[in-house]
Amino acid sequence: MNTLARRAAVVTAALGAAIGMTVSSASAGTTATWTVTPSGAYTAHADFPTLDVPLASLECDSSDVTAGTLQATSPDGVGIGDITNITFTNCSVAGIGFSVTMKATPWKINAVQPNAGNSDWVDGTVSSISAHISGIGCSADFTGKVYGRYQNDTGELVIDGSGTDLVASNASCLGLISNGNVASFNASYAVSTSPVISTP
């Protein structure tokens, strides 16, 4: 084999190895998934959830996820769980009774990233929220997304009131709630199955 042929062979082998490494690395990256143990059906309960807008606060005695499902795996954490039915009990604004109902289902539970401050927690969101509240002389819809975390050590899904993606619309509420108001939802749901969500 002449010198030129030998050099060509070396370059070809090097390129092949580099391509192989690239493919292997990419394959390794795509195999990492989020896991939930146990998966399947679950329920959840929260005491004293609140929904706050600038001029009003909706307070409830409790809230229950009566039907939901957790997926065994998710490649990116999106839709790792869902909320098919959720109820709110004894809700009021300034002592006036209100009802809260789902307008569209399911709401999606999404794992986003490991929590920076606690290795047992996973930061996440609940998206595709669509709810309706109504009371005497007042009604409004709320749609969007809320933020929080799932705590593996306590089995709780905590919605922490952060973010600006839960927004009021179709509001008719004596000026207490206006279209475009950003709502802050706070609740801590104890999940019946106490699942563990494992990070990639």
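The values are calculated or read from the model by the stated rules, or taken from the named source; none is laboratory data. What you are looking at is a predicted structure, and each value in this text was computed from that prediction instead of being measured. Cβ atoms come from the backbone with ideal geometry, glycine included; neighbour counts cover every protein chain shown. The area values use the complete protein model at the heavy-atom level, side chains included, leaving out ligands, DNA and RNA. Shrake-Rupley method; radii C 1.70, N 1.55, O 1.52, S 1.80 Å.
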Taking every other residue with Cβ under 14 Å from the Cβ of SER127 and scoring Lys and Arg +1, Asp and Glu -1, one gets -2
Going residue by residue through the range 88-102, the Karplus relation 6.51 cos²θ - 1.76 cosθ + 1.60 with θ = phi - 60° gives ³J(HN,Hα) values, rounded to whole Hz and with x marking Gly or Pro, of 10, 10, 6, 9, 8, 10, 6, x, 9, x, 10, 10, 10, 9, 6
Descending packing, highest mean Cβ count within 10 Å first, for 166-173, 125-132 is 125-132, 166-173
Simple spin-label estimate for ASP64/GLN113, 7 Å along Cα→Cβ, in nm, reads 3.7
The FRET efficiency for SER192 and ASP165, from their Cβ-Cβ distance with R0 = 30 Å and rounded to 0.05, is 0.65
Using a 1.4 Å probe on heavy atoms of the protein chains only, the accessible area for ASP61 in Å², nearest 10, reads 70
Other residues with Cβ under 13 Å from the Cβ of LEU70 give, with Lys and Arg +1 and Asp and Glu -1, a net charge of 0
Note, THR84: beta-carbon cut-off 13 Å, +1 each Lys/Arg, -1 each Asp/Glu, net -1
One finds, for ASP52 and THR73 with R0 = 45 angstrom and r their Cβ-Cβ distance, a FRET efficiency to the nearest 0.05 of 0.80
Rounded to whole angstroms and listed largest first, the alpha-carbon spread of the range 62-186 along its three principal axes comes to 45, 27, 24
